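First the structure, in the form of structure tokens, and then the observations on it.
The values are calculated or read from the model by the stated rules, or taken from the named source; none is laboratory data. Computed from a predicted model, the values in this text were never measured in an experiment. Here the Cβ positions follow ideal geometry from the backbone for every residue, glycine too, while neighbour counts run over all protein chains shown.
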Amino acid sequence: MSSVRTHKVAVIPGDGIGIEVTAAAIEVLKAVQDKVKGFELVFTEYNWGSALYKQTGSYTPKDWLDTLKGHDTIFFGAVGDPDVPDHISLWQLILPMRQHFQQYVNVRPSVVFKGIDPPTRCATAEGGELDWIMLRENTEGEYAGQGGRSHVGHEHEIATEVAVFTRIGIERFLRFAFETAQKRPRKLLTVVTKSNAQRYGLVLWDEVAQLVSKDYPDVKWDRILVDAMTVRMVAKPQTLDVIAATNLHADILSDLAAALSGSIGIAPSSNLDPTRKSPSLFEPVHGAAFDIMGKNLANPVAAVWSASEMLRWLGEETAADMLFNAMKASLAQGIKTADLGGTHKTTEVTKAICDLIKGM
Ligand code: ATP
Ligand code: MG
């Protein structure tokens with residue numbers, strides 16, 4: 001009797017180019033599934049997003065979190081709409097998912113691949129190419145959702161936005177960071193804070209990092225303030241390997257990292273529940289990008305790379321490597337969309353990656 005490993009994948013393409021790059025990722029996943037055998041991906045698509053919001057006032061149906069719970073993993077495109085304030089989709093769909101499923105680590109790798117000219121010479125300075133893993137705390141901190149507004153509309157209106165940091169939340173995240181560094185050849189970890197100005201939450205970060213580090217003596221780690229970090233990323237990229245930062249800081253720094261590695265169009269992300277009690281979620285870092293939607297211009301690489309990370313998380317290492325290698329090979333061959341200075345369309349890049357997989 002042949003046993004095929006089955007993985008149930010919830011697919012949420014969302015809006016804008018989210019729909020285009022999700023279609024690309026699924027095409028590539030199907031190609032790799034045909035090639036590798038031994039496993040099966042069962043896709044169920046959910047049309048949650050701005051269209052549903054405009055009809056019903058809600059981005060999702062009532063029982064959506066239970067629906068997702070029935071899957072092994074979630075693949076997500078992007079949501080957003082020019083007519084809807086961004087904080088609505090963020091707080092109706094994206095942040096509740098991360099918090100409900102306790103996907104407390106957001107993994108955002110950046111690499112300067114062969115075939116991509118980085119925008120600054122610095123990105124490949126001193127022989128060490130830019131090859132980072134940025135880890136973003138994903139359930140608390142500045143995006144904890146605490147705060148409020150009073151005297152609304154009045155000239156003395158007050159709004160508070162409270163960052164919440166818990167010892168448990170920081171520790172579990174930083175353990176993951178030290179473990180990630182431990183598995184990498186250089187074993188470097190840089191913990192980013194702003195503990196000179198933020199004297200409660202981020203001083204706690206510093207203290208917890210110091211404590212946790214004792215369990216990982218082989219990891220070389222250092223600490224840096226977020227402002228100095230932006231300079232270091234540009235001027236001394238070769239000194240960085242694994243980077244750990246708060247929800248807000250890593251949100252910003254990972255966009256910088258993506259730009260330094262060529263384009264936000266190649267940046268993948270994994271929202272992980274390392275305990276594996278809940279499904280993890282994989283998505284490109286970029287958003288719905290309405291300026292290029294429907295023009296076949298979107299770079300599918302960020303979504304395709306995210307799909308490779310999903311396969312790895314599901315234990316399908318061979319398939320994950322094959323997909324990643326095909327993606328790298330297509331870039332090395334100069335098959336690139338306009339954001340990377342190329343002339344290829346979304347569908348052409350997708351087909352090239354599928355063809356490379358077929359030929360492997
Ligand atoms: P969000 O609020 O979800 O972060 P955003 O409004 O910041 O979204 P993004 O979609 O993240 O916007 O991207 C900013 C710009 O970068 C887009 O307007 C688009 O021009 C470009 N861009 C983003 N993703 C891609 C992609 N996959 N391919 C090509 N260009 C892209
Ligand atoms: Mg953005």
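Can you work out which of the residues in region 1-22 that are more than 18 Å from the chain's Cα centre (by Cα) and aliphatic (A, V, I, L, M) is modelled with the highest pLDDT?
V4
Kindly establish whether A302 is more than 10 Å from ligand 1 (Cβ to nearest atom), under 30 Å from T6 (Cα atoms), buried (at least 18 other Cβ atoms within 10 Å of the Cβ) and aliphatic (A, V, I, L, M). Give the derivation first.
Working: more than 10 Å from ligand 1 (Cβ to nearest atom): no; under 30 Å from T6 (Cα atoms): yes; buried (at least 18 other Cβ atoms within 10 Å of the Cβ): yes; aliphatic (A, V, I, L, M): yes.
In short, no.
Can you pull out every residue in region 58-88 that is in a loop (DSSP other than H, G, I, E, B) and polar (S, T, N, Q)?
Step one: filter region 58-88 for residues in a loop (DSSP other than H, G, I, E, B), giving 58-63, 70-72, 79-80, 82-83, 85.
Passing the criteria: S58, T60.
If you go through region 234-266 one residue at a time, how many are aliphatic (A, V, I, L, M), touching a Pro at 6+ places or on another chain (Cβ under 7 Å) and crowded, with 19+ Cβ neighbours inside 10 Å?
As a first pass, look at region 234-266 and keep what is aliphatic (A, V, I, L, M): 234-235, 240, 242-245, 248, 250, 252-253, 256-260, 264, 266.
Checking which are touching a Pro at 6+ places or on another chain (Cβ under 7 Å) leaves us with 259-260.
Filter once more, keeping what is crowded, with 19+ Cβ neighbours inside 10 Å: 260.
Qualifying residue count, region 234-266: 1.
Taking region 272-295 as the search range and keeping residues that are among the charged types (D, E, K, R) and over 14 Å from R172 (Cβ atoms), which one is nearest to ligand 1 (Cβ to nearest atom)? Break it down into steps so the answer makes sense when it comes.
The first filter runs over region 272-295 and keeps only residues among the charged types (D, E, K, R), leaving 273, 276-277, 283, 291, 295.
Still in the list and also over 14 Å from R172 (Cβ atoms): 283, 291, 295.
Numbers: E283: 10, D291: 5, K295: 10 Å.
Among those that are among the charged types (D, E, K, R) and over 14 Å from R172 (Cβ atoms), it is D291.
Identify all residues within region 252-268 that are part of a helix (DSSP H, G or I), more than 9 Å from ligand 1 (Cβ to nearest atom) and either within 13 Å of M229 (Cβ to Cβ) or modelled with pLDDT of 95 or more (or both); write none if there are none.
Selection gives I252, L253, S254, L256, A257, L260.
Return yes when E179 is without any contact (Cβ under 8 Å) to a residue 12 or more places away in the chain and not in a strand (DSSP E or B) and no when it is not.
On the way: without any contact (Cβ under 8 Å) to a residue 12 or more places away in the chain: no; not in a strand (DSSP E or B): yes.
The answer is no for E179.
Given the condition in contact (Cβ under 8 Å) with a residue 12 or more places away in the chain and not in a strand (DSSP E or B), answer yes or no: does some residue in region 7-16 qualify? Can you show your working first?
Taking region 7-16 first, the residues in contact (Cβ under 8 Å) with a residue 12 or more places away in the chain are 7-16.
Checking which are not in a strand (DSSP E or B) leaves us with 15-16.
Checking region 7-16: at least one residue is in contact (Cβ under 8 Å) with a residue 12 or more places away in the chain and not in a strand (DSSP E or B).
Tell me the residue from L248, L281, L331 that is closer than 28 Å to K69 by Cα, touching a residue at least 60 places away in the same chain (Cβ under 8 Å) and either away from ligand 2 (no atom under 16 Å from the Cβ) or part of a loop (DSSP other than H, G, I, E, B) (or both), please.
Residue meeting the stated conditions: L281.
Picking from A303, A289, A257, which residue would you name as being in the same structural domain as A244 (by TED's automatic domain parsing) and under 30 Å from V84 (Cα atoms)? Explain how you work it out, then say what you get.
Details: A303 fails: in the same structural domain as A244 (by TED's automatic domain parsing); A289 fails: in the same structural domain as A244 (by TED's automatic domain parsing).
Result: A257 is the single residue among A303, A289, A257 that is in the same structural domain as A244 (by TED's automatic domain parsing) and under 30 Å from V84 (Cα atoms).
Hey, can you tell me all the residues within region 188-238 that are modelled with pLDDT of 95 or more, over 16 Å from I168 (Cα atoms) and either among the hydroxyl-bearing types (S, T, Y) or not assigned by TED's automatic domain parsing to the domain that holds A250 (or both)?
T190, T193, Y216, T230
Return the only residue of N296, N271 being modelled with pLDDT of 95 or more, away from ligand 2 (no atom under 15 Å from the Cβ), more than 17 Å from M327 (Cα to Cα) and surrounded by 23 or more Cβ atoms within 10 Å (Cβ to Cβ). Let's see the steps before the verdict.
On the way: N296 fails: surrounded by 23 or more Cβ atoms within 10 Å (Cβ to Cβ).
Result of the check over N296, N271: N271.
Residues being more than 18 Å from K30 (Cβ to Cβ) and not in a loop (DSSP other than H, G, I, E, B): count how many of those fall in region 286-312.
First, the residues of region 286-312 that are more than 18 Å from K30 (Cβ to Cβ): 286-299, 302.
This time we only want the ones that are not in a loop (DSSP other than H, G, I, E, B), so: 302.
Final tally of qualifying residues: 1.
Quick one: in region 43-66, which of the residues that are exposed (fewer than 14 other Cβ atoms within 10 Å of the Cβ) and either aliphatic (A, V, I, L, M) or not assigned by TED's automatic domain parsing to the domain that holds G77 (or both) is farthest from A78 (Cα to Cα)?
Only one residue tops the list, namely L65.
Would you check if A307 is in contact (Cβ under 8 Å) with a residue 40 or more places away in the chain, buried (at least 19 other Cβ atoms within 10 Å of the Cβ) and within 15 Å of ligand 1 (Cβ to nearest atom)? Break it down into steps so the answer makes sense when it comes.
Working: in contact (Cβ under 8 Å) with a residue 40 or more places away in the chain: yes; buried (at least 19 other Cβ atoms within 10 Å of the Cβ): yes; within 15 Å of ligand 1 (Cβ to nearest atom): yes.
When the stated conditions are applied, A307 passes them.
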